[in-house]
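Student: First, the structure itself, so that you have it in front of you.
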Amino acid sequence: MNIHDVVNFAIRIEENGERFYREAAEVITNQPVKELFQRLAQEETGHKKTFEKLLSGLGDYRPPETYEGEYFAYLKDFIDGKAVFKDHPRIGELAKASSTVGALDFAIQRELDSMLYYQEIKKFVDARQGNTIDLIIDEERKHFAILSKLRGEVTGS
């Protein structure tokens, strides 16, 4: 694994996070939660753009492939099936989170998972890039705090 892999993984995680928040916003009836999920979807899109900019500054990279497209197929399958925000949330994770509290709990856990992932990838980048990742971690931390606060308001605890 190299830095290109790490950043491509991060991009895919942000894409899946954006998709989760948009789809969750469609099924949640609690208006404050719906609005928060819509906002978080937009922020995930911004995080993706940050990582794409970081990736473009890393120079060209040609992953070893047996056939064209193998690398990105692997990347998609790995991230969608194993990491942080899974690809088809309505079929899997969102079905479990059909209640407002369930959706909030799921989102809170995913933000924690994202923070952990980004903390780990900092080990693979230079200091300047690490500072960019710190900004993303701070955003994920804000998402966690907002989601946790709203969960408390929804549950009355």
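The values are calculated or read from the model by the stated rules, or taken from the named source; none is laboratory data. As the structure is a computational prediction, the values presented were derived from the model and not from experiment. Neighbour counts run over all protein chains shown; Cβ positions are idealised from the backbone, glycine included.
Student: Report yes if G46 is modelled with pLDDT of 75 or more and not in a loop (DSSP other than H, G, I, E, B), otherwise no. Full working, then the answer.
Tutor: Working: modelled with pLDDT of 75 or more: yes; not in a loop (DSSP other than H, G, I, E, B): yes.
So G46 fits the description; yes.
Student: If we scan the stretch 8-25, do we find a residue that is among the hydroxyl-bearing types (S, T, Y), outside any helix (DSSP H, G or I), under 30 Å from K149 (Cβ atoms) and modelled with pLDDT of 75 or more? Give the derivation first.
Tutor: Applying the first criterion (among the hydroxyl-bearing types (S, T, Y)) to the stretch 8-25 yields 21.
Within this subset, residues satisfying the condition of being outside any helix (DSSP H, G or I) are none.
For the stretch 8-25, residues among the hydroxyl-bearing types (S, T, Y), outside any helix (DSSP H, G or I), under 30 Å from K149 (Cβ atoms) and modelled with pLDDT of 75 or more: absent.
Student: Regarding G130, is this residue surrounded by fewer than 18 Cβ atoms within 10 Å (Cβ to Cβ) and closer than 19 Å to G46 by Cα? Spell out the reasoning first.
Tutor: Working: surrounded by fewer than 18 Cβ atoms within 10 Å (Cβ to Cβ): yes; closer than 19 Å to G46 by Cα: yes.
Considered against the rule, which asks whether it is surrounded by fewer than 18 Cβ atoms within 10 Å (Cβ to Cβ) and closer than 19 Å to G46 by Cα, G130 comes out as yes.
Student: Check G59 against each of (1) surrounded by fewer than 17 Cβ atoms within 10 Å (Cβ to Cβ); (2) at pLDDT 85 or above and name the one condition it does not meet.
Tutor: (2)
Student: OK, next. Please list, ordered by first then second residue, the pairs with beta carbon atoms under 7 Å, 6 or more apart or interchain, first in the stretch 124-152 and within 17 Å of F9 (Cα to Cα), second part of a loop (DSSP other than H, G, I, E, B).
Tutor: From residues that are within 17 Å of F9 (Cα to Cα), the pairs are I133/V125.
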